[in-house]
1. Calculate, in nm to one decimal, what ILE111 and GLU155 gain on full extension: separation in residues at 0.36 nm each, minus their alpha carbon distance.
2. Counting other C-beta atoms within 10 Å, which of CYS115, CYS76, CYS96 has the fewest, and how do the rest follow?
3. In whole Hz, what ³J(HN,Hα) sequence does the stretch 139-148 give by Karplus (6.51, -1.76, 1.60; θ = phi - 60°), x for Gly and Pro?
4. Could you calculate the contour length gain from VAL62 to ASN87, that is, 0.36 nm times the residue separation minus the distance between their Cα atoms, to one decimal place in nm?
5. What Kirkwood hydrodynamic radius do you get for the stretch 53-154 when you take the inverse of the mean 1/r over all pairs of distinct Cα atoms, in Å?
6. Using amide H atoms built in the peptide plane, which far-off residues or other-chain residues are under 5 Å from THR119 H to H?
7. Convert each backbone phi in the stretch 121-138 into a coupling constant with the Karplus relation 6.51 cos²θ - 1.76 cosθ + 1.60 (shift: θ = phi - 60°), then list the ³J(HN,Hα) values in order as whole Hz, x for Gly and Pro.
Amino acid sequence: MKSKTNIEILIFLTVCICIALAILGFAVQRVDTKPYYPEGRVGKVNDPCGLTDVVCDNEPKVIYAEVTKYTAIETCPQHCINATGSNPIVGRSIACPRRIKKGTKVQIEGILFTCDDFTAIRYDGRFDIFAGYTERDYREALAWGVKVLPVTILE
C-alpha cells in the first residue's frame, strides 16, 4: 500500500515538473531578445552595440555600412556611364548595394545622394560615393579609405 502511494506521488511530481518545464520553455521561446531586422540585412559591419539596422514605423531606415569613394580614374578613365545610363555627378551620385533600387535616395553625413549605380558583387553591402574625375579627387578618395558610417535610406 505504501509503495503504491509513493509511486503515485512520484508520477504526480514528474507530471508537474514536465508541465512546469514545458511552460517555462514556451515562455523563454516567446521572449524576443533580438532586435527587428528586415529581410536581407544591409551592411556587414556591426556597430559597438551589435546593431546594424534600426527600423521604426514611419521613419527612414538607418543602417551602419562601409562607405568608400571612387573616381573616374580607377573606374572608368575613358567615359563614365553608371547603371542609370547617365554620367555620375560629384556630390550626388553613389553606387549602392545591389538590393537597393536605382533612384533611391540615401543620406550620409548630412549629404543627400541618389543610388544611380551598383557596387561590384565582391563589394555588395558597401556604399561607394562618386568623388570626381581628377587626379586630386583620386588622392582624396584614397585618403578617405573605408569608413563605417550611418546611412539613412529614404525610400
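We did not get these values from a lab; they are worked out from the coordinates using the rules stated. On a predicted model such as this, the values are computed, not experimentally measured, just so you know. Every residue, glycine among them, receives a Cβ derived from its backbone with ideal geometry; neighbour counts consider all protein chains shown.
1. On the way: separation 44, 0.36 × 44 = 15.84 nm, distance 1.56 nm.
Here the segment from ILE111 to GLU155 would lengthen by 14.3 nm.
2. By the 10 Å Cβ count, ascending, the order reads CYS76, CYS115, CYS96.
3. 5, 5, 5, 5, 5, 4, x, 10, 10, 9
4. Values: separation 25, 0.36 × 25 = 9.00 nm, distance 2.74 nm.
Full extension of this stretch gives 6.3 nm more.
5. 13.7
6. When sequence neighbours closer than 5 places are left aside, the close amide H contacts are CYS96, ARG98.
7. 3, 5, 10, 4, x, 9, 10, 10, 7, 6, 9, x, 10, 9, 4, 4, 4, 4
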